[in-house]
1. Looking only at residues in the range 12-36 that are open to solvent by less than 40 Å² (accessible area, probe 1.4 Å) and either in contact with a helix residue (DSSP H, G or I) (Cβ under 6 Å, 6 or more places away or on another chain) or of a type in the set (Ser, Thr, Tyr) (or both), which one is farthest from residue 73 (Cα to Cα)?
2. Given the residues 119, 137, which is the only one that is at pLDDT 95 or above and basic (Lys, Arg)?
3. Could you list, in sequence order, all residues of the range 103-137 that are free of Cβ contacts under 8 Å to residues at least 24 places away in the same chain and either in contact with an Asp or Glu (Cβ under 8 Å, 6 or more places away or on another chain) or open to solvent by 20 Å² or more (accessible area, probe 1.4 Å) (or both)?
4. Would you check which residues across the range 43-81 are touching a residue at least 60 places away in the same chain (Cβ under 8 Å), open to solvent by 30 Å² or more (accessible area, probe 1.4 Å) and in a helix (DSSP H, G or I) and list them?
5. When the residues of the range 87-104 are filtered to those that are in contact with a Ser or Thr (Cβ under 9 Å, 6 or more places away or on another chain) and part of a loop (DSSP other than H, G, I, E, B), which remaining residue is farthest from residue 155 (Cα to Cα)?
6. Kindly list the number of the only condition in (1) on the phi > 0 side of the Ramachandran plot; (2) out of contact with any strand residue (DSSP E or B) (no Cβ under 6 Å at 6 or more places or on another chain) that fails for residue 14.
7. Would you please list the contacts, defined by Cβ atoms under 6 Å and residues six or more apart or on different chains, that run from a residue in the range 9-21 that is small (Gly, Ala, Ser) to a residue that is modelled with pLDDT under 95?
8. Go through the range 105-121 and report how many residues are farther than 25 Å from residue 50 by Cβ and not in a helix (DSSP H, G or I).
Amino acid sequence: MCGLVGIAISSKFGFSKPGISTFEQMLYIDSLRGEDATGVTCISKYGDVDGFKEANNAFFSLSTKEWSDLSIKALREGRVLLGHNRKKTIGTNKDENAHPFIIDSRYVFMHNGTLYNHKQLADTEVDSHALGIHLTKCNGDKAKLEEALGNVHGAYACIWY
């Protein structure tokens, strides 16, 4: 199974350096839940979403230019940092199968768990991507979400923005 981490702040000035360091430590420790891929999303005080994902473990992913650039953005205007460490259970280990999944250019989706009917939810290689697509079709309608979740067979914990 995978690992999910997140940190949110109320400051209107972005994260502090200790806050960024705390997030990095959370993602490193969480890699015990999955070393196949790592993804990070930053949500700014303006609601903008930025991030990266790659089929690599957290130690290497947090040493990249992508993380360096994203952490600078988080220092300036970040409000939320979300991280995912993937343990591949379904689908091959490649960058596009890492989390987060951006769906309809509106939703950020990360998932921990294994689904047994993901091809019935959406025709994707990875069950997490299928679940994200399936839930996104509900457009936040609570009744539709309850019905949609009733059609999901397996284990799931999600971060959905």
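The values are calculated or read from the model by the stated rules, or taken from the named source; none is laboratory data. This structure is a prediction, so every number in the text was calculated from the model and none was measured. Backbone-built Cβ (ideal geometry, glycine too); neighbour counts: all protein chains shown. Side chains included, ligands, DNA and RNA excluded: accessible areas come from the protein's heavy atoms. Shrake-Rupley method; radii C 1.70, N 1.55, O 1.52, S 1.80 Å.
1. Checked the range 12-36; the qualifying residue farthest from residue 73 (Cα to Cα) is 31.
2. Criteria check complete, one pass: 119.
3. Listed by number, the residues that qualify are 105, 119, 123, 130, 134, 137.
4. Let us first name the residues in the range 43-81 that are touching a residue at least 60 places away in the same chain (Cβ under 8 Å), namely 43, 49, 74-81.
Pick out the ones that are also open to solvent by 30 Å² or more (accessible area, probe 1.4 Å) and you get 49, 75-77, 79-80.
75, 76, 77 - these are the residues of the range 43-81 that are touching a residue at least 60 places away in the same chain (Cβ under 8 Å), open to solvent by 30 Å² or more (accessible area, probe 1.4 Å) and in a helix (DSSP H, G or I).
5. Out of the qualifying residues, it is 104.
6. The number of the failed condition is (2).
7. Taking only residues 6 or more apart or on different chains, not a single pair turns up.
8. Looking only at the range 105-121, we keep the residues that are farther than 25 Å from residue 50 by Cβ, and these are 113-121.
Filter once more, so that each one left must be not in a helix (DSSP H, G or I): 113-117.
Number satisfying all stated conditions: 5.
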